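These notes concern the structure reproduced below.
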Amino acid sequence: MANKVAIVGVAQNAGCESKDNYYDQAYQVTRELLDKTGLKKDDIGTFISASSDIFHGGISCANAYYWETTGAFLKNGSRQDGESLFALFYGAMRIMSGHYDTALVIALCKGSENPSNESCTLMYADPFYQRGVGLNETLAAALQMKLYMKKSRITAEQCAKVAVKNLGNALGNPYAHRRGRYSVEDVLKSELVADPLTELQVAPKSEGIVAMLLASEEKAKKITKKPVWIKGFGSSLDSYILGDRDLLNGQLRNAANRAYKMARITDPGKQIDLAEISEPYAFQELLWMEDLGLCSPGGGGKMIDSGKTEKNGALPINPSGGVLANNPYVSRGLQRAVEAVLQMRGEAGERQVEKRVKTALAHGTHGFAGQCHAVAVLGR
Amino acid sequence: MTKEYKTIKTELRLPYELAYGATWTRFFEGMQEKKIYGTKCPKCGKVLVPARSFCPKCFVDTDKWVEVSQEGKLTAWSYTNYRYFGQPVDPPFIGALIRLDGTDVDLLHLVGGIDLKNFDEVKRTIKNGMKVKAVWSDERKGHILDIRYFEPV
Ligand SMILES: [Zn+2]
């Protein structure tokens, strides 16, 4: 990357239902971030917010809400809808431009107030061809899972193991919305949602205001002793109509390769120490691992069986519990980056992995069956 | 469900009116006459269903209308049995990707014409790759559900 950009501070709130209002919560998380980094509102150069103000907000006018609660009013800032990891990219680019030395990036979602993810994502489907037959994120994922199990010979048990691992990891995460010790049988016997997906393999609907402060190299050194550098980022978006797409050969490989090229990663399975992957549906962690090159194509099932992706395995995946444990719909991608930062700084508390994390990956996804993917590579 | 703390209940309910445009108008007029139309890409030769004015991959205008078969093969299916606000199809239903004969993409629709109450029964009947055919509604309005569902042949 041309100019180095660091993440110098992070803050987030808990995923469970809160009786606080959105307005106050956004302020509280911003306040916490400023206090942690020792900066004042007026010290911040630029702002990027990520939110879905209609579907996952019901507010419809975000300017009123987030602009003052995050201290962004009177500043040069911008807003982004959809996958929140993009807000990190835009913030980084603003600093890379040389015009700003700090950027506050914040993703906002208060799932407990919203209609179900099923209802919201039905509205992502066009009203001509796809909405009328009930396309939403869960149906798209169920169809993708069927194809994946068949093509890669992934078993229902291997998919369920992802939920067992992640909900177990979440026991160490105070911000998680859902956590617990479950068996493979518990997961498979939980209520059928859209065959073959059962309830414990489907992410909940959580709250999550997630913020981070980015800084230029020079500024970063003044703010923290533990900067985490943004080494590379990439994204790719597949075409829209579900039936046009090859659901097992999506755009994550492209997104990852773009990030890897920037970060000079040539062997991701060896060079990446830890990954936080967005897996709103359990099996997707396996499929996305393959696409990210963290295991061989078709090797996702073997990878989970091997135990390598456990919290203290050789390549921990989602030690936070991932999206299955906490799904603030819009904020989930940026939350993956926050969790990766905490691991690299050794500040992840009970969920801290044993191994030393030098390079970590954060992934976000939005749309049907991973239509849109964003990948960030972070390094110490 | 009423929450234990003070909340305000609010809705965003706003009417929109969206144009079908020439290509989709023709596709849905076809549906009213129990015909399924696709369009063909002059570059890759693929037949796209539902009809599109351009091929998204090649990014050129499609140049030919093709009436496609009402039969095809099941690419993937999911038995869905839960409810949510705004759901357009009453559960239980089977959402499916169907490759109509002579086309090169999957059409998203429903599989029906069998007893859907018992999932174990459904699993015995419905298989990937099986042949299905369109079953038309008697009252057609130029809507995707003018085809009620696809049933096993
Ligand atoms: Zn073409």
**Request:** Just tell me how shielded A:144-150 is by partners: mean number of partner chain Cβ atoms within 10 Å of each residue's Cβ, no decimals.
**Result:** 3
**Request:** Keeping the other protein chains in place, figure out the carbon and sulfur percent of the accessible area of the protein assembly as shown, with a 1.4 Å probe.
**Result:** 49
**Message:** Helix-only mean residue ellipticity at 222 nm, the protein assembly as shown, DSSP H runs n ≥ 4 weighted -39,500 (n - 2.57), per residue, nearest 500. What is it?
**Reply:** -8500 deg cm²/dmol
**Prompt:** Taking both sides together, what accessible area is buried at the A/B interface, probe 1.4 Å, expressed in Å² and rounded to the nearest 100?
**Reply:** 3300
**Prompt:** Do any of A:Lys311/B:Lys9; A:Lys261/A:Lys302; A:Lys4/A:Lys302; A:Lys302/B:Lys127; A:Lys40/A:Lys270; A:Lys146/A:Lys311 go past 30 Å between their Cα atoms, and which?
**Reply:** A:Lys311/B:Lys9; A:Lys4/A:Lys302; A:Lys40/A:Lys270
**Asked** If you line up the long axis of helix A:156-169 against the longest principal axis of chain A, both from Cα atoms, how many degrees apart are they, to the nearest 10?
**Response** 30
**Request:** Under 11 Å from the Cβ of A:Arg336, count the other residues' Cβ atoms, weight Lys and Arg +1, Asp and Glu -1, and hand me the total.
**Result:** -3
**Request:** Measure out, as a whole number of angstrom, how far apart the alpha-carbon centroids of region B:14-39 and region A:325-341 sit.
**Result:** 40
**Peptide-level mean, for A:237-247, of C-beta atoms on other protein chains within 10 Å** = 5
**Item:** 10 Å Cβ neighbours from other chains, averaged over peptide A:312-318
**Value:** 0
**Request:** Find the accessible area per residue for region B:21-152; the probe is 1.4 Å, ligands and nucleic acids are left out, and the unit is Å².
**Result:** 49
**Qualifying lysines (Cα of each under 24 Å from Cα of B:Lys3; at least 8 residues distant if same chain)** = A:Lys19, A:Lys110, A:Lys205
**Environment charge at A:Ser296 (Cβ cut-off 15 Å; Lys +1, Arg +1, Asp -1, Glu -1)** = +2
**Request:** Tabulate in residue order the Karplus-calculated ³J(HN,Hα) for region A:360-365, using 6.51 cos²θ - 1.76 cosθ + 1.60 with θ = phi - 60°, rounded to whole Hz; enter x for Gly and Pro.
**Result:** 10, 10, 10, 10, x, 9
**Request:** Can you tell me which of A:39-46, A:273-280, A:142-149 comes out highest on packing, and rank the rest after it, using the mean Cβ neighbours within 10 Å?
**Result:** A:273-280, A:142-149, A:39-46
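The values are calculated or read from the model by the stated rules, or taken from the named source; none is laboratory data. Being a predicted model, the structure only gives us computed values, none of them experimental. Cβ coordinates were reconstructed from backbone atoms using ideal geometry, including for glycine residues, and neighbour counts include every protein chain displayed. To get the accessible areas, we keep the full protein, side chains included, count just its heavy atoms, and leave off ligands, DNA and RNA. Shrake-Rupley method; radii C 1.70, N 1.55, O 1.52, S 1.80 Å.
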